[in-house]
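Okay, so here's the structure we're looking at.
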Amino acid sequence: MVFVLVAPKRFKRLAELFNFKFVSAESGAELLSALRFALSFKPKTIFVAKGLIEEIEDEYKRFKFENPIPLIIEVDLPEDLTVILLRDKHDRVGY
């Protein structure tokens, strides 16, 4: 099974921790092209950062309607999580 996380680059480590494919989108403007690219992995589920959706909500809803498979789930990725992931990265590398 393939899972994809579409989120800003700072969440790449999160995708690696869960063995997800990762597609970067820094803003809502990049979200639709990122989702189209994510479909190329033929995933079972795509997880999308909620913060990206707010900017282009109508286009996002249309995309979900046109692509009922795979399942697209909106997830809340708080900024606090970024700090934890960066701390984990530094601990592993030894900074």
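Considering the zone a paramagnetic label at F65 would reach in this model (a point 7 Å from Cα along the Cα-to-Cβ line), which residues of region 9-34 have amide N under 18 Å from it? Inside the label zone: 32. Amide H contacts under 5 Å for I72: I46, restricted to partners 5 or more places along the chain or on a different chain, H placed in the peptide plane at 1.01 Å from N.
Rounded to whole numbers, the Karplus 3J(HN,Hα) couplings from phi for region 50-67 are 4, x, 6, 6, 4, 6, 10, 4, 5, 5, 5, 4, 5, 4, 4, 5, 6, 10 Hz, using 6.51 cos²θ - 1.76 cosθ + 1.60 with θ = phi - 60°, and x at Gly and Pro. Here each label is just a point 7 Å from Cα along the line to Cβ, and for E54 and K9 those points are 2.2 nm apart.
Here, each number is a calculation from the coordinates, and none is a lab measurement. Quick caveat, the model's predicted, so the values are computed rather than measured. Glycine gets a Cβ as well: all are built from the backbone with ideal geometry, and neighbour counts include every protein chain shown.
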